[in-house]
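Following: one structure in structure tokens, then a few remarks.
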Amino acid sequence: MSKQNCVKRVIVISTHPDDETLGAGGTLLKHIANGDEVHCVFCTDILEEEGFSKEAIATREEEIKQVTNSYGFTSTHRLGLKTMRVDEYTKSNLVTRFSKIFQQIQPNILYLPFCDDAHSDHRYIFEAVFSCTKSFRYPSIERVLMMETLSETEFAPSLPHKSFIPNVFVDITDFIDKKCKIMQIYKSEVAPPPFPRSLENIKALALYRGSTMGCTTLNGGGGIDDVSPKYAESFMLLKEKW
């Protein structure tokens, strides 16, 4: 099989700018390194009519530009929805917007927010996007996964039917440093521990998921001190077509 035939078209749904990096940054970098197309949909913006200053808006625009360049996304799409007020839009309106993007890109792999994230914007976006995964309407889709987003996913209700239970793990050891570097571009979204979106906690979660995955290597004699930690991102697989 030629390399071209192996190329996957990936879409990541970023409800708020930084969700793409928190939830799947290392995995997206790995896709890009493997030659896949990666398309990012930024769903919400901060708007002056919603009380945000022109300076804050300009800063956020520059952050998105830098993040996009850092990844090297094949394309980006901006829906311009009001942040923290996504529920004001009708589901049919959102489905139409996502459907248009999906028909244009014909994606193979989707990364979505977790359906029970604490933030209502995440839940609302998930419901709209998941409506666009019907195989008879979007036959190109092969895999649909939900992301684990720090400061949202871990605050979901601790109930069995609402808990994030990962069943897919991706080794991102080669990309964890770049993921953290990109996350630092979002200056207002990063703070020291115990803030969930600290670089320490981002790495700690990746280390924990790497341990769950079992991706560690022995560097020398096989003792505890010779174990080199590896990092992973985890997902919940919703659909897969073989």
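Would you mention how many residues in the range 38-67 are in contact (Cβ under 8 Å) with a residue 40 or more places away in the chain and charged (D, E, K, R)?
Residues meeting the conditions: 2.
Within the range 136-152, which residues are touching a strand residue (DSSP E or B) at 6+ places or on another chain (Cβ under 8 Å) and either farther than 15 Å from residue 118 by Cα or at pLDDT below 95 (or both)?
140, 141, 142, 143, 144, 145
Hey, among 169, 114, which residue is within 22 Å of residue 206 (Cα to Cα), buried (at least 21 other Cβ atoms within 10 Å of the Cβ) and not charged (D, E, K, R)?
Unique residue meeting the criteria: 114.
Is one or more of the residues making up the range 102-111 in contact with an Asp or Glu (Cβ under 7 Å, 6 or more places away or on another chain) and either surrounded by fewer than 20 Cβ atoms within 10 Å (Cβ to Cβ) or closer than 20 Å to residue 44 by Cβ (or both)?
Within the range 102-111 (the criterion being in contact with an Asp or Glu (Cβ under 7 Å, 6 or more places away or on another chain) and either surrounded by fewer than 20 Cβ atoms within 10 Å (Cβ to Cβ) or closer than 20 Å to residue 44 by Cβ (or both)), the answer is yes, since at least one residue qualifies.
Do we have any residue at all in the range 168-183 that's assigned to a loop (DSSP other than H, G, I, E, B) and not hydrophobic (A, V, I, L, M, F, W, C)?
No, the range 168-183 has no match at all.
Enumerate the pairs (first residue in the range 8-34 and over 17 Å from residue 166 (Cβ atoms) and free of Cβ contacts under 8 Å to residues at least 40 places away in the same chain; second residue anywhere and in a helix (DSSP H, G or I) and among the acidic types (Asp, Glu)) with beta-carbon separation below 8 Å, excluding pairs fewer than 6 apart on the same chain, so at least 6 apart or on different chains.
That search, which allows pairs on different chains as well, returns 14/20.
Please count how many residues of the range 184-209 are under 17 Å from residue 28 (Cα atoms), free of Cβ contacts under 8 Å to residues at least 40 places away in the same chain and part of a helix (DSSP H, G or I).
Selection size over the range 184-209: 1.
Filter the range 132-189 down to the residues that are among the charged types (D, E, K, R) and either closer than 23 Å to residue 69 by Cβ or in contact with a helix residue (DSSP H, G or I) (Cβ under 9 Å, 6 or more places away or on another chain) (or both) and list them by number.
Result: 137, 148, 152, 154, 171, 174, 177, 178, 179, 181, 187, 189.
Inside the range 133-143, can you point out the residues that are surrounded by fewer than 22 Cβ atoms within 10 Å (Cβ to Cβ) and either over 17 Å from residue 240 (Cα atoms) or hydrophobic (A, V, I, L, M, F, W, C) (or both)? Break it down into steps so the answer makes sense when it comes.
Kept after step one, since they are surrounded by fewer than 22 Cβ atoms within 10 Å (Cβ to Cβ), are these residues of the range 133-143: 133-140, 142-143.
Result: 136, single match.
The values are calculated or read from the model by the stated rules, or taken from the named source; none is laboratory data. The structure presented is a predicted model; accordingly, all values stated were derived computationally and were not measured. As a convention, Cβ positions derive from the backbone with ideal geometry for all residues, glycine included, and neighbour counts pool all protein chains shown.
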